[in-house]
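Since the structure comes first, as structure tokens, the remarks are kept for the end.
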Amino acid sequence: MPSSASDWDAKHKLAAEASPAEPASIVCELLPLLPAGPALDIACGTGRHSLLLAARGQHVTAVDFSPVALDTLKTRAHGMHMPVRQSKSFRDAPRRRLHGGLELVQANLEQIHLPECCFDLILCVQYLQRPLFPHMTRALRPNGVLLFETFTRAQLEFEGGPRNPAYLLESGELRDAFPGLGVLFYRELRAGQGIASLLARRPEKRE
């Protein structure tokens, strides 16, 4: 796995020259159950999930640290005739939301705070930043849904994926990582890869 911003840019440059990656199977499996309101794609990369959501008419705020990744996403979105806007800062994006299409935000996720109560759906796939967990909960609207999937320590038994244990989930960790959300679906896989998947909902506000 890349370990620096320049490494990620190089990885995304190669991805831009190849066919677009397929969405994660968990996203495709659960897509009919996911809210169609404003969505946030955290560490979106070249946008395999952002494009999937936007293709069904959903507004998506796609955030990544790599300008190369976002440029690739922008090019692919234009090729699909999707409206695209780029925000100067992450905080500006929710206030200037388009009706459908993509809002692209370049931001260092280790240095920002997500806006509160802005999204009906948050995706976080193959990215792990534990201090961001409570911000993700607060960024959801009531009844908003989080779909999270990334590698566990079991991945060390297989090729690919992170090697640094700091970027790997402990077994069972993800299930308990968002105490403010109600778990709708959870699983861990250990066949060809070590991965954990979570679908959870923020409770509706009580009067």
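In region 141-159, how many residues are open to solvent by 50 Å² or more (accessible area, probe 1.4 Å) and either touching an Asp or Glu at 6+ places or on another chain (Cβ under 8 Å) or closer than 20 Å to E29 by Cα (or both)?
3
Quick check: anything in region 176-186 modelled with pLDDT under 95, open to solvent by 50 Å² or more (accessible area, probe 1.4 Å) and within 25 Å of L34 (Cα to Cα)?
Checked against the condition, which is being modelled with pLDDT under 95, open to solvent by 50 Å² or more (accessible area, probe 1.4 Å) and within 25 Å of L34 (Cα to Cα), region 176-186 yields no hits at all.
Look at F119 and say whether it is in contact with a Lys or Arg (Cβ under 7 Å, 6 or more places away or on another chain), open to solvent by less than 10 Å² (accessible area, probe 1.4 Å) and of a type outside the set (G, A, S).
yes
Are there any pairs, at least 6 apart or on different chains, whose C-beta atoms fall under 7 Å, with the first in region 21-37 and touching a residue at least 12 places away in the same chain (Cβ under 8 Å) and within 20 Å of G100 (Cβ to Cβ) and the second open to solvent by 60 Å² or more (accessible area, probe 1.4 Å) and in a helix (DSSP H, G or I), and if so, which?
Hits for this filter: P23/R48.
Name the strands (runs of 3 or more DSSP E) wholly within region 120-207 that hold at least 2 residues that are without any contact (Cβ under 8 Å) to a residue 40 or more places away in the chain and not aromatic (F, W, Y)?
It comes to 182-190.
The values are calculated or read from the model by the stated rules, or taken from the named source; none is laboratory data. Quantities reported herein were computed from a predicted structural model and do not represent experimental measurements. Virtual Cβ from ideal backbone geometry, glycine too; neighbours counted across all protein chains shown. The accessibility values were calculated without ligands, DNA or RNA, using every heavy atom of the protein model including side chains. Shrake-Rupley method; radii C 1.70, N 1.55, O 1.52, S 1.80 Å.
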